[in-house]
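This report concerns only the one structure given below.
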There are 2 protein chains.
Amino acid sequence: MLEMRLDGELPVTLDDVREAYKRIRRYIHNTPILTSQSIDRIVGANLLFKCENFQKTGAFKFRGACNAVFSLNNEKAGRGVVTHSSGNHAAALSLAAKIRGISANIIMPSNASPVKIEAVRSYGGRIIFCKPLPEAREEKADEVVKESGGVLIHPSNDPPIIAGQGTAALEMLNVIDNLDFIFTPVGGGGLLSGTSVVAKSLKPDIKVIGCEPKNADDAYRSIKAGRILPSVSPDTIADGLRTSLGTNTFSIIKKMVDDIVLVDEQEIVGAMQIIFERMKIVVEPSSAVAVAALIYGRVDVTDKNVGIIISGGNVDLTQFFKSLG
Amino acid sequence: MLEMRLDGELPVTLDDVREAYKRIRRYIHNTPILTSQSIDRIVGANLLFKCENFQKTGAFKFRGACNAVFSLNNEKAGRGVVTHSSGNHAAALSLAAKIRGISANIIMPSNASPVKIEAVRSYGGRIIFCKPLPEAREEKADEVVKESGGVLIHPSNDPPIIAGQGTAALEMLNVIDNLDFIFTPVGGGGLLSGTSVVAKSLKPDIKVIGCEPKNADDAYRSIKAGRILPSVSPDTIADGLRTSLGTNTFSIIKKMVDDIVLVDEQEIVGAMQIIFERMKIVVEPSSAVAVAALIYGRVDVTDKNVGIIISGGNVDLTQFFKSLG
């Protein structure tokens, strides 16, 4: 879609997020912000959980997908949208396209799990299978774009996606005016970069922290090295965070995010269980990554007001409990 | 505590529930009412979930326990409270007593699960172990009452408990004025009887439905027979519903409740999984019983507005997922 701006400006600004919010607010849930005295005691801070697990399609991804779909002019939209994600973005794009009344072509590997296939179908997406090889997905997507004339919507790097994801932080800062920190997970970086644009533009003193699995630490390494160093075959339970930063998300995160911190697999599972037991909400492992960074003390937040974006709640529970051993 | 009234009046009235609400509202959460388009589609009705899984101590039981504890005069309160529950009532009574600054003596069998022991301890309850035999609990409780002069608070049959449990429905009817049905689970009957007093007093047309596991169907059999027929060694995953009706709850339910319906163990687990996956909230099996009655069509509620009291969220998750097989 839009290219990265080359004039030193960031590819997404606060105004873009505000425009996105006007565009999508009628379609999305303004999700609740929950608190937990019990987890506050563990962390020693005041935590505010922005619960995107209660968002439509079960994840923040619906914000970006909605913004991307409703940003298209009628002519482009008429040709439909295409993506090669098989996770939350695919479900989100399917529903956004359905609401606009256009088609969504979702490229998925032939060995994708039945749960994911069913989720995309239930939201009205049209699934096109490809060989289960990394390069096959993009090849197939290019082929479908050429044939259908549809618009490829990348899961995290397109500016309208980043602007849409930033609306969760915008909603939060509209009602909470004393945040010292915002923590989000980081995979492809759409949520973290959108959040950082909003937070730093509205309140430059807020510290924005990206949280990443040790086993998929491309953002951590990339920011350190000053160039994009993708993860190769990352092996983490946080399936939403296996993707790597793109050009736009990297350029924003590099400039706007205060720190990237890492947690291990055991800490992710531990945080997920604490959230289940204390807050009585279902979150996916990717969301638990940000909470794990707090519970296991990666940043000193003593007595601070800390916002956390709970990114989603789509988890194969049977699978998860196997991981508890 | 109070005796059952013998003059034909019910042991608990709407005024009692209103008094209870004034007494406890500063200590409890006014829990959120959630909706789910996805489960609405499955059931074919408009469902409103009053989420007591987000109540303090993780269950509605905190309402009744608070009312019982704060109903005591200073002299009685000073001698502390006693109970022989090992589940949600024990945790709820411990926290209510702690808030009032009095002692709570909780009789538990020596083989109680470490999770339950830890929960009671974490809320400040003092645990007194007894032999793991049905009669040993009551004997030990009588002994502790005699020694300490403390007040025995029954988990479901005491009128202040029933009045406290009714405040969940009171909060719901304060903000939702078009309910056609209210569904609650039924174990000892405190929640169902309190709910029915409120619903039938405020809006006589509301149908009140009690939902019970087939494997612990004492309320169903008792109402049919016109006398209390307790369950003997009931075997159900819905651990909060293994108890049987008492004199007060029976007399209210007999008069005020429209129907008791039954669900089997597989339906309970199925409903619990649907709630996890679609609503992203953690509920205990007892809560799933009421939702199962709707999902598996025990009552025709087509296009109706249906309130459901989600009773609690205290579940040993590892245990639960074993039950999924």
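The values are calculated or read from the model by the stated rules, or taken from the named source; none is laboratory data. Treat the numbers as computed from the prediction; the structure is a model and nothing was measured. Positions of Cβ are backbone-derived with ideal geometry, glycine not excepted, and every protein chain shown enters the neighbour counts. What goes into the accessible areas is simple: the full protein's heavy atoms, side chains included, and nothing from ligands, DNA or RNA. Shrake-Rupley method; radii C 1.70, N 1.55, O 1.52, S 1.80 Å.
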Six or more apart or on different chains, Cβ under 6 Å: which pairs go from a residue in the range A:232-243 that's within 15 Å of residue A:262 (Cβ to Cβ) to one that's at pLDDT 90 or above and of a type in the set (A, V, I, L, M, F, W, C)? Could you list them?
-> A:234/A:216; A:236/A:216; A:237/A:268; A:238/A:268; A:238/A:289; A:241/A:216; A:242/A:216
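One line per residue, one yes/no per condition, for (1) surrounded by fewer than 16 Cβ atoms within 10 Å (Cβ to Cβ); (2) of a type in the set (S, T, N, Q); (3) touching a Phe, Trp or Tyr at 6+ places or on another chain (Cβ under 9 Å); (4) at pLDDT below 95:
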position	(1), (2), (3), (4)
A:200	no, no, no, no
A:204	yes, no, no, no
A:218	no, no, no, no
A:228	no, no, yes, no
A:240	no, no, no, yes
A:243	no, yes, no, yes
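Looking at the range B:41-73, which of its residues are away from chain A (no Cβ under 14 Å), open to solvent by 10 Å² or more (accessible area, probe 1.4 Å) and more than 15 Å from the chain's Cα centre (by Cα)? Please lay out each step first, then the result.
Of the residues in the range B:41-73, the ones away from chain A (no Cβ under 14 Å) are B:43-48, B:61, B:63-73.
Subset that is open to solvent by 10 Å² or more (accessible area, probe 1.4 Å): B:43-44, B:46, B:48, B:61, B:70-73.
Within the range B:41-73, B:43, B:44, B:46, B:48, B:70, B:71, B:72, B:73 meet the criteria.
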With respect to residue A:287, is the statement that it is at pLDDT 95 or above and on the phi < 0 side of the Ramachandran plot true?
-> yes
Over the range B:286-319, the set of residues open to solvent by less than 10 Å² (accessible area, probe 1.4 Å) and either within 14 Å of another protein chain (Cβ to nearest Cβ) or more than 22 Å from residue B:46 (Cβ to Cβ) (or both) is B:286, B:287, B:288, B:310, B:311, B:312, B:313, B:317
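Residue under question is residue B:228, and the condition is that it be touching a Leu at 6+ places or on another chain (Cβ under 7 Å) and of a type in the set (A, V, I, L, M, F, W, C); does it hold?
Yes, satisfied.
From the set of residues in the range B:261-281 that are within 18 Å of the chain's Cα centre (by Cα) and buried (at least 24 other Cβ atoms within 10 Å of the Cβ), which is farthest from the other protein chains (Cβ to nearest Cβ)?
Within the range B:261-281, the first condition is being within 18 Å of the chain's Cα centre (by Cα), and the residues that meet it are B:261-263, B:268, B:272.
Subset that is buried (at least 24 other Cβ atoms within 10 Å of the Cβ): B:263, B:268, B:272.
Values: B:263: 20, B:268: 16, B:272: 10 Å.
Among those residues, the one meeting the criterion is B:263.
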Take residue B:148 and decide whether it is surrounded by fewer than 21 Cβ atoms within 10 Å (Cβ to Cβ), without any contact (Cβ under 8 Å) to a residue 40 or more places away in the chain and farther than 15 Å from residue B:67 by Cβ.
-> no
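Residue by residue, here is whether (1) within 24 Å of residue B:18 (Cα to Cα); (2) of a type in the set (D, E, K, R); (3) modelled with pLDDT of 95 or more holds:
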residue	(1), (2), (3)
B:66	yes, no, yes
B:78	no, no, yes
B:92	yes, no, yes
B:103	no, no, yes
B:118	no, yes, no
B:130	no, no, no
B:142	no, yes, no
Name, by its number, the condition in (1) in contact (Cβ under 8 Å) with a residue 40 or more places away in the chain; (2) closer than 26 Å to residue B:180 by Cβ that does not hold for residue B:248.
-> (2)
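Is it fair to say residue A:143 is open to solvent by 20 Å² or more (accessible area, probe 1.4 Å) and in contact with a His (Cβ under 7 Å, 6 or more places away or on another chain)?
Working: open to solvent by 20 Å² or more (accessible area, probe 1.4 Å): yes; in contact with a His (Cβ under 7 Å, 6 or more places away or on another chain): no.
When the stated conditions are applied, residue A:143 does not pass them.
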Got a number for residues in the range A:24-39 being free of Cβ contacts under 8 Å to residues at least 24 places away in the same chain, of a type outside the set (Val, Ile, Thr) and either within 14 Å of chain B (Cβ to nearest Cβ) or open to solvent by less than 30 Å² (accessible area, probe 1.4 Å) (or both)?
-> 2
